[in-house]
Structures are given as structure tokens and as C-alpha cells.
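A short worksheet on the structure shown next.
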């Protein structure tokens, strides 16, 4: 889906605080919003999503300028900063709301996602099967305001220091050319 010459792609890579903290630093990403998608409840709360009963995933909605960063680069970052081989979990965060997912808004994004997964799988990059779901975006809702920019506002909070900060550092080291 293009918006003002921007593309929208939604990614689930575990806790949205971590994924948001990485993409806030990426050149060409013009907006990052934490939210919930692909569940069956309208306008779910964080507590409802955490119960595992809504079917939603914790995600980040990215708006990016394809003239500055390609969908492939956005997805390569995604596969470096989370573990796409663990079903319904990232580290100590366990539940269907932490599943690995790519939620596309165009056929081109879907093809790019499927292509990268096929390449990574063929090369056995992770040593285990990739379980990332690739689905059309549906039923997206922004997370509550206190979740937005969480790492930026709380860099010394324990979870941020232990989980989000290392992901940001890994992004900066691996993708220095794409950092703001």
C-alpha cells in the first residue's frame, strides 16, 4: 500500500518495543508505530492481546520511502534482529502474540518476503526451519500511547537494557550503511 510515495509494511518480531527501537534508527523509515494485527477482536487492548485469546500479534507498522530503502533491506534487517525459527516466542517472551510475521500490503512485498525466506531456507542460514508467517495485513490497531516510543523514553528500563538495546546495537553494527 503506497501512501504519499511511501510503502507500509507491518512486522512481528517479538515484543514491539524491541522491533520499534531498531526501525526508528533506519534511514528511509519515516514512521514506526507499535500495534496489533491479524487477530479477530476489534480494537484490542494490550491485556487482551497478552491473554493470547485475540489472535493478534504484537507488531510494528512501518512507513518507508522506497526511494531511500528497499523492501528487501527492510526485511533483511528484520531477519537479523529477531529469531525467525522459534514458534510463538522471542527469547523469554512466549505466546502467539510474539510470533514471527510479515504482514504485507502489496503483492510485491509478499513476493519479496517469500523470496528472502526461500533464500535463507535454501542456504540453511539459521540451522533450523523458518516459521515466519507471511500474510496480508488485516485488522491492524495501534497500541496504547504508553507503548509508542517506549525504548526511546525508557532506555534504562530493565527489559530495554537487556533485550532492546542489544538488538539496536546489532542493527547498528550489521547495517551501519542504513543507520540514520
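Laboratory data are not the source of any read-out in this text; all were calculated from the coordinates shown. On a predicted model such as this, the values are computed, not experimentally measured, just so you know. For neighbour counting, all protein chains shown are included, and Cβ atoms are generated from backbone atoms with ideal geometry for every residue, glycine included.
Worth pointing out:
- The modelled label-to-label distance between residue 156 and residue 110, using points 7 Å beyond Cα along the C-beta direction, is 4.8 nm.
- Taking all Cα pairs closer than 8 Å and separated by 6 or more residues, the relative contact order of the chain comes to 32 percent.
- Inter-centroid distance (Cα atoms) of the stretch 127-175 relative to the stretch 10-84, Å: 7
- Across the stretch 7-178 the C-alpha pair distances fall into 5 Å bins from zero in the proportions 1, 9, 19, 23, 23, 16, 7, 2, 0 percent.
- Extension gain from residue 130 to residue 80, taking 0.36 nm per residue of separation minus the Cα-Cα distance: 16.7 nm
- Going from the fewest other Cβ atoms within 10 Å to the most, the residues 40, 147, 56 appear in the order 40, 147, 56.
- Least to most buried among 6, 177, 128, 61 (fewest other Cβ within 10 Å first): 177, 128, 6, 61
- For 78, 175, the sequence from fewest to most other C-beta atoms within 10 Å is 175, 78.
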